[in-house]
Amino acid sequence: MTLREMREAAGLTQEQAADATGLSQPSISAIELGRVANPGIETVSSLSKAYGQPLEAVIAAVRASVGEVA
């Protein structure tokens with residue numbers, strides 16, 4: 001499952017995810033698009049909580065999104 005799929009499964013827009021995590025909407029977008037190669041553990045943890053997903057699943061999705069960037 002991608003980060004976007006996780007966010008959408010949680011019923012959140014990027015703006016709502018930003019509010020829930022304390023990140024900016026552009027940051028949420030950049031992470032989803034794989035433009036942030038190594039987000040901090042606090043960021044990944046906040047995404048995990050906001051999306052209702054296990055931390056390990058969010059880490060795997062971040063790694064996969066970074067791998068998709070050409």
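The values are calculated or read from the model by the stated rules, or taken from the named source; none is laboratory data. This one's a predicted model, so the numbers in the text were calculated from it and none came from an experiment. Using ideal geometry, Cβ is built from the backbone for each residue, glycine included, and neighbour counts are taken over all protein chains shown. Accessible surface areas use protein heavy atoms only, side chains included; no ligands, DNA or RNA. Shrake-Rupley method; radii C 1.70, N 1.55, O 1.52, S 1.80 Å.
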* Accessible area of the chain belonging to carbon and sulfur atoms, whole % at 1.4 Å probe -> 51 percent
* Asked: Along the range 14-20, what does the Karplus equation 6.51 cos²θ - 1.76 cosθ + 1.60 (θ = phi - 60°) give for ³J(HN,Hα), rounded to whole Hz, x for Gly and Pro?
  -> 4, 5, 5, 5, 4, 4, 6
* **Using alpha carbons only: equivalent-ellipsoid semi-axes of the range 16-70, gyration tensor based, whole Å** => 17, 13, 8
* Asked: Taking the simple approach of a point 7 Å from Cα along Cα-to-Cβ for both Arg35 and Thr13, what is their distance in nm?
  -> 1.9 nm
* Asked: Which whole-number value in Å² is the accessible area per residue of the chain, probe 1.4 Å?
  -> 58 Å²
* Each residue of the range 37-46 in order: what ³J(HN,Hα) in whole Hz does its phi give by Karplus 6.51 cos²θ - 1.76 cosθ + 1.60, θ = phi - 60°, with x for Gly and Pro? -> 5, 9, x, x, 4, 5, 5, 5, 5, 5
